[in-house]
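Worksheet for the structure shown next.
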Amino acid sequence: MERTLTVLVENSVGVLAKVAGLFSARGFNIKSLSVSETEDPTVSVMTIVVDEDERTAEQVRKQLAKLVETIKVKDITEVPKVERELALLRISISRERRREVIEIVEVFKAKVVDVAHSSLVVEITGSSEKVNGFIELMKPYGILEMARTGKVALERGLYLESKEK
């Protein structure tokens, strides 16, 4: 089962390598990893998605918590949350089919961010399911190149506020 972990860590050199090393040393595969600074420039947040059962994910969580640079680790798989992913796709396009692709882009509320004679670059943001659905629809046109961010996630505000009481 896919598990989503958020990890707050000190924003310092080598932390990402330590986290990745922890996973590889134990034979766990990272399905998705996104890292960025938080509102505090001394702290980074990692959103890590793994395909593991709850027991294995708990082992990973405990190992991450042992790292000196780790501030907090949470498995947010089961809690209400907002998740988003960004993808950029370069799609092969003929002049005759350009309008057809642009209509699909509009339905998905994506954006054309670059236009060339034989291709379009499209930006899509949303749930992984939405991004995956868009990618499937674009495959017949020919995806020349693609880059994805992986998930970023935050717990929903009302959930956090009710836990704090």
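The values are calculated or read from the model by the stated rules, or taken from the named source; none is laboratory data. Predicted model, so just to flag it, every value in this text is computed and none were measured. Please note: Cβ atoms are built from the backbone with ideal geometry, for glycine as well, and neighbour counts cover all protein chains shown.
Going residue by residue through the range 32-52, is there one that turns out to be assigned to a helix (DSSP H, G or I) and of a type in the set (A, V, I, L, M, F, W, C)? Walk me through it before giving the result.
The first filter runs over the range 32-52 and keeps only residues assigned to a helix (DSSP H, G or I), leaving none.
So far as the range 32-52 goes, no, none of its residues is assigned to a helix (DSSP H, G or I) and of a type in the set (A, V, I, L, M, F, W, C).
Restricting attention to the range 82-109, which residues are among the aliphatic types (A, V, I, L, M), over 18 Å from P140 (Cα atoms) and surrounded by 12 or more Cβ atoms within 10 Å (Cβ to Cβ)? So that I can check it myself, show each step before the final result.
So the first thing to find is which residues in the range 82-109 are among the aliphatic types (A, V, I, L, M), and the list is 82, 86-89, 91, 93, 101-102, 104-105, 107.
Okay, now just the ones that are also over 18 Å from P140 (Cα atoms), so 82, 86.
Matches in the range 82-109: L86 only.
What number of residues within the range 59-92 are of a type in the set (K, R) and free of Cβ contacts under 8 Å to residues at least 60 places away in the same chain?
Of all residues in the range 59-92, those of a type in the set (K, R) come to 61-62, 66, 72, 74, 81, 84, 90.
Right, trim to free of Cβ contacts under 8 Å to residues at least 60 places away in the same chain and you get 61-62, 66, 90.
Residues in the range 59-92 being of a type in the set (K, R) and free of Cβ contacts under 8 Å to residues at least 60 places away in the same chain: 4 in total.
So which residues in the range 12-31 are in a loop (DSSP other than H, G, I, E, B) and on the phi < 0 side of the Ramachandran plot?
If the condition is that a residue be in a loop (DSSP other than H, G, I, E, B) and on the phi < 0 side of the Ramachandran plot, then S12, V13, R26, F28, N29 are the ones that fit.
A quick yes/no check of all residues on (1) surrounded by 17 or more Cβ atoms within 10 Å (Cβ to Cβ); (2) among the charged types (D, E, K, R); (3) on the phi > 0 side of the Ramachandran plot:
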residue: E2; (1), (2), (3): no, yes, no
residue: T6; (1), (2), (3): yes, no, no
residue: V9; (1), (2), (3): yes, no, no
residue: S34; (1), (2), (3): yes, no, no
residue: S44; (1), (2), (3): yes, no, no
residue: T47; (1), (2), (3): yes, no, no
residue: L64; (1), (2), (3): yes, no, no
residue: I71; (1), (2), (3): no, no, no
residue: T77; (1), (2), (3): no, no, no
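On the basis of being part of a strand (DSSP E or B), surrounded by 15 or more Cβ atoms within 10 Å (Cβ to Cβ) and touching a residue at least 12 places away in the same chain (Cβ under 8 Å), does I135 make the cut?
Values: part of a strand (DSSP E or B): no; surrounded by 15 or more Cβ atoms within 10 Å (Cβ to Cβ): yes; touching a residue at least 12 places away in the same chain (Cβ under 8 Å): yes.
It is false that I135 is part of a strand (DSSP E or B), surrounded by 15 or more Cβ atoms within 10 Å (Cβ to Cβ) and touching a residue at least 12 places away in the same chain (Cβ under 8 Å).
Test T77 against the stated conditions and say whether it is among the hydroxyl-bearing types (S, T, Y), at pLDDT below 95 and within 27 Å of A147 (Cβ to Cβ). Steps first, please.
Numbers: among the hydroxyl-bearing types (S, T, Y): yes; at pLDDT below 95: yes; within 27 Å of A147 (Cβ to Cβ): yes.
When the stated conditions are applied, T77 passes them.
Test of understanding: among V113, V122, V105, V79, which residue is within 30 Å of T6 (Cβ to Cβ), of a type in the set (A, V, I, L, M, F, W, C) and not in a strand (DSSP E or B)? Can you show your working first?
Numbers: V113 fails: not in a strand (DSSP E or B); V122 fails: not in a strand (DSSP E or B); V105 fails: within 30 Å of T6 (Cβ to Cβ).
Going through V113, V122, V105, V79 in turn, just one is within 30 Å of T6 (Cβ to Cβ), of a type in the set (A, V, I, L, M, F, W, C) and not in a strand (DSSP E or B): V79.
Would you confirm, using the coordinates I've provided, whether G126 is surrounded by 15 or more Cβ atoms within 10 Å (Cβ to Cβ), at positive phi and at pLDDT 95 or above?
Working: surrounded by 15 or more Cβ atoms within 10 Å (Cβ to Cβ): yes; at positive phi: yes; at pLDDT 95 or above: yes.
Judged against the criteria, G126 is a match.
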